[in-house]
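To start, the structure itself, in structure tokens.
The values are calculated or read from the model by the stated rules, or taken from the named source; none is laboratory data. In this text the structure is predicted, and so the values were computed from the model without any measurement. Every residue, glycine as well, gets a Cβ built from its backbone with ideal geometry; the counts of neighbours run over all protein chains shown. Remember, those area values only see protein heavy atoms, side chains included, never the ligands or the DNA or RNA. Shrake-Rupley method; radii C 1.70, N 1.55, O 1.52, S 1.80 Å.
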Amino acid sequence: MKTLALTMIARNEEAVLSRCLESARNLVDEIILVDTGSTDDTKQIAHSFGAKVYDWTWNQNFSDARNAALEHSSCDWNLVLDADEYINNDCEDALRQFIHQGDRIGKIKLVNQFLDNGNILSYAQCFISRLFPSGLRYEGRIHEQIISDLPRATIPVEVQHDGYMKPKSDRNIPILELEIQKHPNDSYYHYQIAKEYRGIDDHLQAYHHLKKAYALLTKQESYSPNVIVNLLYEIIAIDRLEEGLPIVRKEQRFLHDFADFQFVCGIFYMKLILGNTAKYIDLFPLIEESYLKCLQIGETDRYDNVIGTGSFTALHNLGSFYEVTGKLDKAKHCYQEAAALGYEPSRMRLQQLRL
């Protein structure tokens with residue numbers, strides 16, 4: 001029988017650690033937690049779940065800390081979680097089947113909670129390598145990656161993450177700056193630091209790093225669609241709209257089946273037309289077309305994406321478009337469909353319009 005360890009690093013996570021460990025305790029044979037300097041009850045909580053706890057001096061390198069935890073694992077396989085994550089589906093059978101089917105790397109679905117521009121709780125999903133055989137190690141000071149040529153496969157393990165609700169940019173940006181100094185032409189680190197700047201509403205810095213990341217893309221990177229989408233959002237945020245039009249046109253073929261891209265295109269066309277109606281009024285039909293493309297694509301697991309761009313948020317924005325163009329019957333239909341999917345802004349809009 002293959003054995004499975006949960007390996008973690010943590011510091012001052014008493015508020016969320018129990019939730020994480022409770023979700024995983026019955027799925028694993030061993031729990032390893034490396035503590036990087038807690039001053040709260042993190043270590044005591046870990047001990048209460050039977051974890052083996054080890055102290056480690058933080059050196060601003062996440063790979064070193066994770067590898068220290070992996071060194072203490074005595075199992076055949078390792079599952080990696082952070083304290084502000086928790087498993088929220090029944091996946092014991094899937095985990096056990098996977099680790100008995102040969103050496104591969106398992107990619108779990110990570111669902112991140114965040115507040116959108118309207119301060120509405122939203123969710124984005126990504127697929128991240130977190131289950132792997134013993135002997136593999138991480139590289140990278142931050143946003144560390146498992147280095148291996150083993151094949152990677154998505155497994156039906158869903159993990160919720162609410163850590164983005166508390167920005168950690170003060171910690172992450174200096175570490176990312178060190179990585180960029182070391183790897184100035186690595187698009188990945190420019191993309192990651194841009195996300196940190198977006199999180200603190202420093203849109204100009206986010207734009208500069210995304211522009212650099214975009215220029216460095218080969219289009220083979222798994223994150224390249226997200227670089228393009230985030231760059232368009234920052235172009236909108238800093239009002240450099242005319243700079244975005246060539247990007248939108250250039251990337252239509254590459255991202256024809258990415259709902260997040262079609263969604264931001266809808267927003268982009270609206271902002272562009274409002275900024276210079278006389279020049280861009282001929283693009284007006286593309287607003288509706290963009291949201292209809294979102295709905296045609298639907299919700300898929302092909303990309304790391306924001307949940308709703310292929311369903312309820314696209315329906316809501318399409319409803320808004322129909323509303324401002326006087327097509328109230330169509331607007332009502334879109335709002336009703338989005339509300340039926342649980343989208344609260346659509347339900348509220350129906351009430352406001354008394355439709």
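Residues in segment 159-196 that are in contact (Cβ under 8 Å) with a residue 60 or more places away in the chain and under 14 Å from the mean Cα position of the chain (by Cα) were compared, and the one that is surrounded by the most Cβ atoms within 10 Å (Cβ to Cβ) is V159. Answer yes or no as to whether Y86 is closer than 18 Å to S129 by Cα, of a type in the set (F, W, Y) and at pLDDT 95 or above. It is true that Y86 is closer than 18 Å to S129 by Cα, of a type in the set (F, W, Y) and at pLDDT 95 or above. In the set P167, P174, only one residue is over 22 Å from N67 (Cα atoms) and either out of contact with any Lys or Arg (no Cβ under 7 Å at 6 or more places or on another chain) or of a type in the set (G, A, S) (or both); that residue is P167. Would you say L110 is open to solvent by less than 20 Å² (accessible area, probe 1.4 Å), at negative phi, modelled with pLDDT of 95 or more and touching a His at 6+ places or on another chain (Cβ under 7 Å)? Criteria met by L110. Comparison of D116, D76, D82 shows that the only residue that is touching a residue at least 40 places away in the same chain (Cβ under 8 Å), among the acidic types (D, E), open to solvent by 20 Å² or more (accessible area, probe 1.4 Å) and more than 17 Å from E158 (Cα to Cα) is D76. Here L210, L204 are screened, and the one residue that is open to solvent by 60 Å² or more (accessible area, probe 1.4 Å), aliphatic (A, V, I, L, M) and under 29 Å from V248 (Cα atoms) is L204.
State whether one or more residues within segment 244-260 are under 24 Å from L210 (Cα atoms), open to solvent by less than 50 Å² (accessible area, probe 1.4 Å) and among the β-branched types (V, I, T). Checked segment 244-260: at least one residue is under 24 Å from L210 (Cα atoms), open to solvent by less than 50 Å² (accessible area, probe 1.4 Å) and among the β-branched types (V, I, T). If we keep just the residues of segment 247-301 that are assigned to a helix (DSSP H, G or I) and acidic (D, E), which is farthest from the chain's Cα centre (by Cα)? Applying the filter and picking the extreme gives D282.
On the basis of being over 18 Å from K168 (Cβ atoms), of a type outside the set (D, E, K, R) and open to solvent by 30 Å² or more (accessible area, probe 1.4 Å), does Y123 make the cut? Yes: the conditions hold for Y123.
Among the residues of segment 268-287, not a single one is of a type in the set (D, E, K, R), in contact with a Phe, Trp or Tyr (Cβ under 9 Å, 6 or more places away or on another chain) and free of Cβ contacts under 8 Å to residues at least 60 places away in the same chain. The criterion of at least 1 residues that are more than 29 Å from W77 (Cβ to Cβ) is met, among helices (runs of 4 or more DSSP H) falling completely within segment 90-206, by 169-182, 187-199. Residue pairs whose Cβ atoms lie under 6 Å apart, sitting 6 or more positions apart in sequence or on different chains, and linking a residue in segment 1-19 that is in contact (Cβ under 8 Å) with a residue 24 or more places away in the chain to a partner that is in a strand (DSSP E or B) and of a type in the set (V, I, T), are A5/I32; L6/I31; T7/I32; T7/V80; I9/V34.
Any residue at all in segment 51-61 that's within 19 Å of the chain's Cα centre (by Cα) and more than 24 Å from N305 (Cβ to Cβ)? Within segment 51-61 (the criterion being within 19 Å of the chain's Cα centre (by Cα) and more than 24 Å from N305 (Cβ to Cβ)), the answer is no, since none of the residues qualifies. Every residue in segment 32-66 that is part of a helix (DSSP H, G or I), closer than 19 Å to R171 by Cβ and either open to solvent by less than 30 Å² (accessible area, probe 1.4 Å) or touching a Pro at 6+ places or on another chain (Cβ under 9 Å) (or both), please. Once the filter is applied, which keeps residues that are part of a helix (DSSP H, G or I), closer than 19 Å to R171 by Cβ and either open to solvent by less than 30 Å² (accessible area, probe 1.4 Å) or touching a Pro at 6+ places or on another chain (Cβ under 9 Å) (or both), segment 32-66 yields T42, F62, S63, A65, R66.
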